[in-house]
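> Submitted below is the structure of interest, expressed as structure tokens.
The values are calculated or read from the model by the stated rules, or taken from the named source; none is laboratory data. It should be emphasised that the depicted structure is a prediction, and the values quoted were computed from it without experimental measurement. Virtual Cβ from ideal backbone geometry, glycine too; neighbours counted across all protein chains shown.
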Amino acid sequence: MSHLNRRRFLAVSACAAGIAASPVAAATFAEWRGVALGAQASMKISGLNQAEAEGIFAEVQAELERLELIFSLYRESELTLLNRNGMLATPAPELLQVLSLSDRVNKASLGAFDPTVQALWTAHAEGGDLSAAKAMIGWSKVGFNTEAVTLAKPGMALTLNGIAQGTVTDRISALLKSHGLTNVLLDMGEIAAMGEREAGQPWRVGVINPQGEMLRKLTLTDRAMATSAVDGFRLPDGASHILHPFGNEPTQSLVSIAAPTAALADALSTAACLMHTEAVTAMVAQFDGAEVIALT
């Protein structure tokens with residue numbers, strides 16, 4: 001399977017516009033760029049210079065490596081081990097947290113959010129049997145607790161690409177907070193804005209479609225935002241990378257959601273691409289602090 005960012009290449013720009021173009025701002029922030037779960041990632045920390053932040057950035061890299069070993073589909077990880085064997089003993093707490101949130105969003109979305117679409121994604125990507133792959137889908141066939149994660153059918157597989165990037169963003173946010181850093185803009189595939197970019201001013205972000213057109217500008221403070229775009233990536237047979245578990249076509253072309261956590265925003269924006277507007281509204285209303293930013 002090609003190492004592509006299936007989730008999105010996308011549709012949100014924040015870090016480039018997050019700092020005002022002034023000599024004062026330029027002297028008081030540190031910047032990091034790298035890769036998280038196959039996606040380009042970056043962060044800006046207000047109030048530290050580059051040298052002061054290097055130790056923190058090294059911890060960020062180490063944490064990203066640890067999370068890759070849980071969630072990655074492209075290297076040996078807990079997720080690939082689960083998909084290969086149909087069972088994973090003593091899963092990491094982070095994996096259980098993601099599965100628990102996936103369960104909540106699956107129910108709130110009336111099944112539209114379903115990580116068991118991995119078999120269907122592989123069939124689209126590799127020219128496999130779509131009908132056989134669809135038979136492998138079913139969130140109710142996934143069991144999980146602190147002892148094990150199990151997949152009921154041989155051939156079933158999970159993808160957490162619709163939620164894991166948000167989870168990574170939240171984990172890095174927590175790491176930075178543990179260092180007393182409260183003014184940070186993160187883009188780990190999803191956006192998290194902590195504190196302010198400079199005295200009294202919120203971070204500025206924008207929603208951009210895959211064609212590079214700005215759809216909306218807004219500010220974020222102590223909030224996360226995720227954007228999912230159906231055309232952000234197409235599979236070799238032309239199918240969108242965002243797949244409906246029932247085989248339906250996506251109903252929205254782009255959705256941006258803000259929420260208290262990036263993992264929640266990530267999952268909701270993924271699901272919303274597969275739902276009609278009224279259903280999106282009803283789903284988002286079930287989660288305190290979540291709101292639709294863009295829906296096209």
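> Filter the stretch 141-155 down to the residues that are touching a Ser or Thr at 6+ places or on another chain (Cβ under 9 Å) and within 21 Å of residue 94 (Cβ to Cβ) and list them by number.
142, 143, 144, 146, 147, 148, 151
> Run residue 165 past the list (1) outside any strand (DSSP E or B); (2) touching a Gly at 6+ places or on another chain (Cβ under 7 Å); (3) surrounded by fewer than 22 Cβ atoms within 10 Å (Cβ to Cβ); (4) modelled with pLDDT of 90 or more and report the number of the one that doesn't hold.
(3)
> So if I check each of 196, 278, which one is part of a helix (DSSP H, G or I) and over 19 Å from the mean Cα position of the chain (by Cα)?
278
> If a residue must be surrounded by 15 or more Cβ atoms within 10 Å (Cβ to Cβ) and within 18 Å of residue 286 (Cα to Cα), how many such residues does the stretch 105-127 contain?
8
> Checking the condition farther than 30 Å from residue 52 by Cβ and not in a helix (DSSP H, G or I), which residue from 181, 185, 158 passes?
Sole residue among the options that is farther than 30 Å from residue 52 by Cβ and not in a helix (DSSP H, G or I): 158.
> May I pose another question? For the stretch 128-146, how many residues are closer than 18 Å to residue 84 by Cα and either surrounded by 20 or more Cβ atoms within 10 Å (Cβ to Cβ) or among the acidic types (Asp, Glu) (or both)?
Number satisfying all stated conditions: 4.
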